[in-house]
Amino acid sequence: MAGEHRTLRAFTLSEEEEELAEHAALTSPQNGSSSHRQQAVFNIDLDSFDDDDALLNWEQYEGMTRVRCCGIDCTPLTRRFRPPQWWHSYTKRQRRCILGVGIALAVLLAVLIAVIAVAAIRGGSRSMGDVRTGDIPAPPASPEAGQAGAPAADPGQGKSEGQAVGGPTGSTGGGSQDAAAGEGGPGSRKPAPGGQAAPMEGGGGQLCSWAQYRLPSAVVPLYYNLTLNVTMAAPFPVAGEVAIAVNVTQDTHCVVLHGAEMEVEEVRLGGSNGQIGKVTARPEREQLILEFSEALPRQGAMLWLSFRYNLRVGLAGFYRSTYTLADGKQRSLATTQFEAAAARLAFPCFDEPAFKAVFDVEVIAPAPLTVLSNSLPRGVHEHEANKQAGTRTWHFKPTPHMSTYLVCVIVGEFASTSQLVKAGAAGSVNVSVWGTPDRVKNLQYAADSAAAILPAYQAALGVPYPLEKLDLVAIPDFSAGAMENWGVVTYREEALLASPSSSLLDLRYVTQVVAHELAHQWFGNLVTMHWWSELWLNEGFASYWEYVGATAAHADYGYFATFYSENVPRALFLDSKRASHALSLDPAAVNSVEMIESMFDSISYQKGAAVLRMLRAWANRSNKQMPLPTFETVPGATPKQDALLAGLGQYLQQHQYHVTQAVDLWAMLSGPLGFDVPKAMLSWTYQQGYPVVTAQVDKNLRVWLLQAPFSLAGIGQCDPSTAWWIPVSFQTSDDPGRLQWAELSSCSSEKPLVTLRSDSSWVKINAGQYGYYRVRYSLSNGTWSALAGAARSPAPAGSGADMALSGADVAGLIEDAYALAEAGEEPIVHFLDLLLALRSRPAGDFEPWATALPYIYKLERLLPCSTEWKAWVGDSLIRPYLKQNPGNTAGGGNRTGSGSNPAAAQLLFSFFPDGASVPAANQTIGYRLLRPAILKAGGLFTQELQVQAINLLQSLEPPEGQPGGSNTPLPDNTIEPDIRSAVYASAARNGYWEIYNTLTEMYKAATDIDEKMRCLLALGYAPGGSNILATLQLALSGDVRAQDMRAVIVTTASSAGRDALNLTWGWLGDNFDALLAKLGGDFEAAKALATTIERVGSLFAEQQQQAAVDAMLARFKGQRVDPGHAARAKESIAANARWLEQHGQQACAWIKLQPAAASLTVDEGRTG
């Protein structure tokens, strides 16, 4: 059959050709016509095929020519888009070639367009707010599963409670970074419905009607491009655009984020030229709901918003601060304060700590001004538009992944000093301190401190500072002491500036605040608490580490020596109230801005610091390389020497750029510390309050320990399931100088702590005051009396100590004795007996006096025998202490000079440099700290020292016959800076109008901020109705900044005599609206005023005043304030009333039984 061989498919038929062949060969001509198609196709000879050949019948062929998609017949659709007839004139190979070339050209064109677009965005003339998606870095690798930067899932908050989780749940010990929707959230500054978020399994439509405090996790920010155009002329408008690259974890066409008190002009999806969306404001929750016609893409989604507002008047968000230079002209600067929930007042954002992202900031500002932000500027340009407007555009480098509350922008006229510090990943960091131009001479001290602290932290933690620069900026108007914005820390001027008029206390304060904020660069910025319910992970660490950093900067200033008095009493007092809280709370309980703000208290700060110090002391109890207290007094401890430092370094490295919870911290410390830290720290972390440890001595002189919860209402019952793990340090008279340790983790000790040698032996529990708990001693063996005697006694020879008990131990005894009496558990005589020991303490023993003096001043207000109390304090405490033998400043009894000794007439402390019995060369840091405290008390309780202070102050008045007034310059101030506050307060207490007027003029004339504050606060000590009201009115006037007004009011209420409290309370009520307006009229203002009302109200001792506190706080119409203000104030009032009822008469009777002391002789005529 040669010649009949055929090829079934000589070429491939197109779909159209198949159809033509089908009609030509398988159908008959219509109307009997013999006409047929063009013969260019082919002939099919049906007779040449048999059944074995693949000849198709009609049904088979019909099925082959149909196109199906997902089970749906799409043939009609595909046939509707057939190529034109000419396309089939090419062979299939030719068509493939044409298609390939076309696709390649299209791809090349797309790439070129993308490159041009990215280049345009990266350039100086890029459109405001569009995200440079090509610059978005991948989030840092997380040690856990889940989306980096997304909110962490809260422990115990599962879907059964209506919470949707946007990712796999991390282990409780691993610091999950998973997105968790539906937790209670930061909420509103005004009342709003609460509750947990609803489950989101049903789709993204719920976001369009979102009604929860916390943001959902369906949309997570990755990168912000923020542009702010700031005009520094009235009305100080700000025009902004922000583009936010987001990760979408759930199908949704709505997005929920924060934004408040601004006009949002336009919203788009995909950039400034993208799809227009609709924005709905939810002002009660400070949220914006963005709605688009199409669902957001899962990858590469970008939100773009334009907005505008004016710089705020208050002290939160993006606000305006004013100051006056020497030329008398007022200047303005713009600055931000975003913690805790105020970034939303400056730009639309996901304003929760766990929503970490990169921030690319651009600021357009008037050309002469300086702009500071978190990163270094990568360029400062004057584009054509800038030249026309007289502005410059500052382009800043992208930040690390960080939370919104750490973003900072400052615009103003500044002077600075800088130095290069050996620190950071690159080996050097530029540290600069900035202030307004008139403060240029006051910047160096802070710069030197920061330059020492930054590398010390890096060495101690083993983790480099991650930024290229560190700016410290003094702001004239600032609500907090300072704010740790990453790379650009902001401060009140008094917390950063130092001058020749700065006292030792001023310099120590500056160093500590600098160290506190620099500690945050690791604890809070690099690793952040997952939600404000565990704020102590930020603030507790910074409050402890500030002592480490300050010691590194100025080891000779003895920072840890004052840790107890500066931290522990404040924390213990608040923590003994029912209105207190645990270190770590259920996140759902912190579900509004007022609840968030209430976390910024002595629990998160001072208790957090004290608990960390307790843990570190226990961890180093047997450390031979860095024994106690060496690691606190000598700077330079490293992770190799200190197990806690090693554990903290691992914690920071493991969780850097992410958020954590307390469980992550404790789990990380278990290995380096060598014991079950999570178990030990469980009660300290999640349980409110603290224990009191009772020491009982049995008939065999064995010491047994018991623990129970302590509160202002008394000692409770110990529950074995909630007992604290307590590291117990102790010292005995049988083994002086030896610090011993034990543990108590049950309600009572299973074996004796120690066996004493004799009936006269004593044991001091919590020796060194490293523990965060109180101690009570059983009355059966007279331990209280024995310890009071030890507090007055010199140490045994050869012990290496001056006194039998350290200053910290005496301070702890005084603190515990007063608190136990206040709770109704002990008589007040223990406290009073311990006060007598003060006059025997060494000249440099600051801690006992620093702890006792606040209670001495408090009893002046409380006791019905106030006059007798003042006389007893002056005669039996101050005068005997000042008359100590000048040759023996170690203490050891009430010794006075005599006879031929030329120093006999000299005092231990004097207002004059050469008037003290202790030579300048022998004046330790403790002496210098104690000197102003004793002289101030002497000026308030003894007439002799008050007269001396008046004479000193009068030496600063204009010469007689020269007119006074604000335009008359005062003589140079020759009073030593260390004692000026004591001189001013002592003189003001006299009440003379001339003295009051002098202090007022000094306040108005002062240019150094520390001198200004001394004069201002001294006015609060002036008694008499006219003086008190004059001081309060001055605080409300324009002469006093809003940030300083609260301190003046509280000082006046507590220090200007017995009539001052009622006068101040009445004045608060009369001027409520004016005070709120001066503070800014917003939520921050309401919080500040409510805090002032709480502090003043807490001074009352009459139960009926509780209703007055409620009534005053009820006046915040339209503003929601933390209910804790009223609760805490009322608990204080109840405690004061109870103390007065139980101990008032007893204390007065005790005072009458005390022998009179000799008067004090001083040279009152000296004028400095």
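The values are calculated or read from the model by the stated rules, or taken from the named source; none is laboratory data. Since we're looking at a predicted model, the values are computed, not measured. Because the Cβ atoms are built from the backbone with ideal geometry, glycine has one as well, and the counts that use them run over all protein chains shown.
Per-structure values
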| item | result |
| --- | --- |
| Residues within region 726-763 that are without any contact (Cβ under 8 Å) to a residue 40 or more places away in the chain and either in a strand (DSSP E or B) or acidic (Asp, Glu) (or both), tallied | 8 |
| For Ala326: the one exception among (1) surrounded by 14 or more Cβ atoms within 10 Å (Cβ to Cβ); (2) over 29 Å from the mean Cα position of the chain (by Cα) | (1) |
| Candidates Gly812, Gly768, filtered to the one that is part of a helix (DSSP H, G or I), of a type outside the set (A, V, I, L, M, F, W, C), surrounded by fewer than 21 Cβ atoms within 10 Å (Cβ to Cβ) and modelled with pLDDT of 95 or more | Gly768 |
| Residue match in region 544-556 (condition: modelled with pLDDT under 95, of a type outside the set (A, V, I, L, M, F, W, C) and not assigned by TED's automatic domain parsing to the domain that holds Leu454) | yes |
| Which listed residue is hydrophobic (A, V, I, L, M, F, W, C) and surrounded by 23 or more Cβ atoms within 10 Å (Cβ to Cβ), from Leu838, Leu853 | Leu838 |
| Selection count, region 1041-1064, where residues are out of contact with any helix residue (DSSP H, G or I) (no Cβ under 6 Å at 6 or more places or on another chain) and either assigned to a helix (DSSP H, G or I) or of a type in the set (Val, Ile, Thr) (or both) | 6 |
| Asn1027 vs. criteria out of contact with any helix residue (DSSP H, G or I) (no Cβ under 8 Å at 6 or more places or on another chain) and polar (S, T, N, Q) | no |
| Residue check for Ala610: under 16 Å from Trp536 (Cα atoms), touching a Ser or Thr at 6+ places or on another chain (Cβ under 7 Å), outside the structural domain of Ala1086 (by TED's automatic domain parsing) and not polar (S, T, N, Q) | no |
| Odd one out for Pro827 among (1) outside any helix (DSSP H, G or I); (2) within 25 Å of Tyr770 (Cα to Cα) | (2) |
| Residue, farthest from Ser876 (Cα to Cα), within region 920-950, restricted to residues that are of a type in the set (D, E, K, R) and surrounded by 22 or more Cβ atoms within 10 Å (Cβ to Cβ) | Arg931 |
| Candidates Pro348, Pro353, filtered to the one that is over 29 Å from Gly424 (Cα atoms), in contact (Cβ under 8 Å) with a residue 60 or more places away in the chain and touching a Phe, Trp or Tyr at 6+ places or on another chain (Cβ under 7 Å) | Pro348 |
| Criterion: in contact with a Leu (Cβ under 6 Å, 6 or more places away or on another chain), of a type in the set (A, V, I, L, M, F, W, C) and modelled with pLDDT of 90 or more - qualifying residue of Ala1022, Ala987 | Ala987 |
| Residue tally, condition farther than 18 Å from Ala617 by Cα, surrounded by fewer than 23 Cβ atoms within 10 Å (Cβ to Cβ) and in contact with a Gly (Cβ under 9 Å, 6 or more places away or on another chain), over region 556-575 | 0 |
| Every residue from region 660-678 that is farther than 28 Å from Lys764 by Cβ and without any contact (Cβ under 8 Å) to a residue 60 or more places away in the chain | Trp666, Met668, Leu669, Ser670, Gly671, Pro672, Asp676 |
| Within region 417-495, strands (runs of 3 or more DSSP E) holding 3 or more residues that are surrounded by 22 or more Cβ atoms within 10 Å (Cβ to Cβ) and either within 21 Å of the chain's Cα centre (by Cα) or without any contact (Cβ under 8 Å) to a residue 24 or more places away in the chain (or both) | 469-475, 488-492 |
| So Thr638, is it outside any helix (DSSP H, G or I) and either among the β-branched types (Val, Ile, Thr) or under 27 Å from the mean Cα position of the chain (by Cα) (or both) | yes |
| Any hit, region 646-667, residues being touching an Asp or Glu at 6+ places or on another chain (Cβ under 7 Å) and among the aliphatic types (A, V, I, L, M) | yes |
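Residues are listed down the side, and each one gets a yes or a no for (1) farther than 30 Å from Ser986 by Cβ; (2) touching a strand residue (DSSP E or B) at 6+ places or on another chain (Cβ under 9 Å); (3) polar (S, T, N, Q); (4) in contact (Cβ under 8 Å) with a residue 24 or more places away in the chain:
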site: Met1045; (1), (2), (3), (4): no, no, no, yes
site: Val1050; (1), (2), (3), (4): no, no, no, yes
site: Ser1055; (1), (2), (3), (4): no, no, yes, yes
site: Ala1060; (1), (2), (3), (4): no, no, no, yes
site: Trp1065; (1), (2), (3), (4): no, no, no, yes
site: Phe1083; (1), (2), (3), (4): yes, no, no, yes
site: Val1096; (1), (2), (3), (4): no, no, no, yes
site: Gln1104; (1), (2), (3), (4): yes, no, yes, no
site: Ala1108; (1), (2), (3), (4): yes, no, no, yes
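Per-residue answers, yes or no, for (1) crowded, with 20+ Cβ neighbours inside 10 Å; (2) under 19 Å from the mean Cα position of the chain (by Cα):
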{"position": "Leu311", "(1), (2)": "yes, no"}
{"position": "Leu315", "(1), (2)": "yes, yes"}
{"position": "Pro366", "(1), (2)": "no, no"}
{"position": "Leu406", "(1), (2)": "yes, yes"}
